[in-house]
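For reference, the structure is listed below as structure tokens.
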């Protein structure tokens, strides 16, 4: 009987120890899990503090109410700059992207205008260079033509003045001299017409010189006239149909 009691007691002790071991294992597992979670939360808290510190949203003991108002004013200015109804990261980014797009479009148009102005400037520079060259050539030609000395020019001016005085006297004495038919411009025009008529006459004489001394062939002329009449009659018949 006592042996049975001893066996039963031994069995109960073993069961208790077994259960105690199980509970101890669970406790260790729970402790390990809690440590793991505490570590995770510490890491997340450190990350959050880093992010908030970068955004300047963590209050520092040294900051005064004035500093807070300055930060609020900066945020208000930022909201006004980007024309935002609400100041959120997404809204600020989208507004900034829109501003960048507008600036890029403006820059692209500005680059096009700059290229056009550069081309116009190059063309204008070439034109100016060409005009300078023409002016220089004209100046050289004038210098070659005008070879009079200052004394000769002065003497010529005196002669011209005398001629003008004499011409004024003649015009006063003979009013018909003021007619356009007798002015130098009209004479020059008539001279040009005469020169042109002379050239045409010389060209015509040269062209007709090949036929000088030839006599017309009346038979050939009559045959050509008959052919022309036949062609005319044929065309007339076609038109009448």
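Every read-out reported here was derived from the displayed coordinates using simple, explicitly stated rules and does not represent laboratory data. Small disclaimer: the values here were computed from a predicted structure and weren't measured. A quick note on method: Cβ atoms are made from the backbone with ideal geometry, for glycine too, and the neighbour counts reach across all protein chains shown.
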| said: Taking 0.36 nm per residue of sequence separation and subtracting the Cα-Cα distance, how much length would be gained by fully extending the chain between residue 158 and residue 36, in nm to one decimal? | reply: 31.9 nm
| remark: Plugging the Cβ-Cβ distance of residue 220 and residue 187 into 1/(1 + (r/R0)^6) at R0 = 45 Å yields, to the nearest 0.05, a FRET efficiency of 0.35
